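What follows is a single structure, written as structure tokens, with notes after it.
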Amino acid sequence: MNNNVIIGGGLSGLSLAYHLKNLKKDYLVLEKSSNLGGLCSSIIQDGFTFDYSGHLLHIKSKYTLDLMGKLLGKNINRIKRDAWVYMQDTFVPFPFQTHLYGLKKEIASECVSELLIAYKKDLDRTQLDSFKTWATANFGNGICKYFMFPYNQKLWGDLDNLTAEWCGKFMPNVNLEDIVKGAYSNSKKAFGYNSYFFYPKTGGCQTIVDSFVKKLNKNNIKTNYEIKKINIKNKTLNGEIKYKNLISTMPLKTLLARVEDLPAKYRAFERKLKSNTVFVFNFAINREVKPAKHWIYFPEDKHCFYRIGFQSSFSSANAPKGTTSFYVEVSAKTNKGLEQKIIKQMQEIGILEKQDKVLTKLWLKMEPAYCIYNKDREKIVPEIISYLETRGIYTTGRYGNWEYSFMEKSILDSKTLAKTL
């Protein structure tokens, strides 16, 4: 019997294995793909390095910083964020709500006026049951009209059932004074959890994965092994691997679907877990785009994408000199016909020129991409996880815990779980 069997060889699973090894506990990692890394993987194609969308390290704890030092040595850079919002045919610095000065004067005035009206009302600005209510209370109708609602509609889909439970860590913490000042001058203040980020100098995010793997026993990692059925009563996987503790980093919805003897109550919960699908169009051109930004948000309906990132701006090693590589994110059910739309719209914006030559291109699909924070999720996810733990099954990671998360949290959550086990 294996004491600790880990489903998934992505960042969360490898971090768990690493910390279990340091605690002198046994582990077995099972990965369905032939490669390790999951969505933290990098793909090298025609001399270009592409990650699964913008995968960046946002480090807040000394432990994670020291760990990356052990794993990557000097192969890591700390980078100041250069992010923008494109709307009304102009670029506005991110976060939008603290840089209203970049908009047309009448729009900036509308946003400030509506913000002040919202703050005069006796509203609960901390309630998280409804994203729309929360956003309106904190930013006013103007900012919501121009950015908060249209952008998040493109990303999440239906806003009517979206809660604001996810906003705490991912929405820049700003106050009334910050917004009003930003309507009349360019604030130099850093906002948001990602005002600085870390990224490998070479090798893309795959370098982080590979560095974890080097610290592990390869005999304890099995690739090309897909979990098709889990029996809770007998504590077996696929009828052949017995476990004491099962730790899943696979999507919680998928995990429940694989359990043969799941009670009907939790089978019904499985159907209520919702997510979206994101297609990422990676490509490169034969020209350096200047100035090279890190990423740009697009709230308006006239653009099919919600974000464009400059992969080559994270590291010069991601693209040969004299070229630029991009990743373009679209939340959609299919990518049919998207490629031509993307190229055309990027030309209209001025990021691309008609004479640009595409050197390489790569479509990647993330499904699930974002776990939807509806009211069902808030109630049933804790109950599902609690039930599974009583049966010796633990979850960790963004998809294992069915949450909106980031790389450092995945690493640290797995560290904590290793101690628990």
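Residue check: is residue 49 of a type in the set (Val, Ile, Thr), in contact with a helix residue (DSSP H, G or I) (Cβ under 6 Å, 6 or more places away or on another chain) and under 13 Å from residue 207 (Cβ atoms)? Against the criterion (of a type in the set (Val, Ile, Thr), in contact with a helix residue (DSSP H, G or I) (Cβ under 6 Å, 6 or more places away or on another chain) and under 13 Å from residue 207 (Cβ atoms)), residue 49 qualifies. Can you tell me which residues in the stretch 163-212 are under 30 Å from residue 9 (Cα atoms), at pLDDT 90 or above and of a type in the set (Ser, Thr, Tyr)? Passing the criteria: 196, 199, 202, 207, 211. Is it the case that residue 355 is outside any loop (DSSP other than H, G, I, E, B), exposed (fewer than 13 other Cβ atoms within 10 Å of the Cβ) and in the same structural domain as residue 302 (by TED's automatic domain parsing)? When the stated conditions are applied, residue 355 does not pass them.
Okay, residues lined up against (1) in the same structural domain as residue 22 (by TED's automatic domain parsing); (2) touching a residue at least 40 places away in the same chain (Cβ under 8 Å); (3) not hydroxyl-bearing (Ser, Thr, Tyr):
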{"site": "336", "(1), (2), (3)": "no, no, yes"}
{"site": "339", "(1), (2), (3)": "no, yes, yes"}
{"site": "383", "(1), (2), (3)": "yes, yes, yes"}
{"site": "389", "(1), (2), (3)": "yes, no, yes"}
{"site": "395", "(1), (2), (3)": "yes, yes, no"}
{"site": "399", "(1), (2), (3)": "yes, yes, no"}
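The stretch 163-262 holds helices (runs of 4 or more DSSP H) entirely within its bounds, and those carrying 3 or more residues that are farther than 28 Å from residue 24 by Cα map to 167-170, 176-182, 252-258. The set of residues in the stretch 155-178 that are among the charged types (D, E, K, R) and in contact with a Lys or Arg (Cβ under 9 Å, 6 or more places away or on another chain) comprises 160, 165, 169, 178.
Go through the residues of the stretch 144-159 one by one and say whether even a single one is surrounded by 19 or more Cβ atoms within 10 Å (Cβ to Cβ) and over 21 Å from the mean Cα position of the chain (by Cα). Yes, that holds for at least one residue.
Okay, residues lined up against (1) in contact with a Phe, Trp or Tyr (Cβ under 8 Å, 6 or more places away or on another chain); (2) among the β-branched types (Val, Ile, Thr):
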{"site": "280", "(1), (2)": "yes, yes"}
{"site": "291", "(1), (2)": "no, no"}
{"site": "327", "(1), (2)": "yes, no"}
{"site": "338", "(1), (2)": "yes, no"}
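Scanning the stretch 385-419 for residues that are assigned to a helix (DSSP H, G or I) and either surrounded by 23 or more Cβ atoms within 10 Å (Cβ to Cβ) or touching a strand residue (DSSP E or B) at 6+ places or on another chain (Cβ under 8 Å) (or both) yields a count of 12.
Let's see how each residue does on (1) within 25 Å of residue 317 (Cα to Cα); (2) within 25 Å of the chain's Cα centre (by Cα); (3) at pLDDT below 95:
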residue: 13; (1), (2), (3): no, yes, no
residue: 33; (1), (2), (3): no, yes, no
residue: 45; (1), (2), (3): yes, yes, no
residue: 60; (1), (2), (3): no, yes, yes
residue: 67; (1), (2), (3): yes, yes, no
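Going through (1) farther than 26 Å from residue 134 by Cβ; (2) in contact with a His (Cβ under 6 Å, 6 or more places away or on another chain) one by one, residue 216 falls short only on (2).
Checked against (1) closer than 19 Å to residue 53 by Cα; (2) assigned to a loop (DSSP other than H, G, I, E, B), residue 360 passes all but a single condition, namely (2).
The values are calculated or read from the model by the stated rules, or taken from the named source; none is laboratory data. What you see is a predicted model; the values in this text were computed from it and never measured. Quick reminder, even Gly has a Cβ in these numbers, built from the backbone with ideal geometry, and neighbours come from all protein chains shown.
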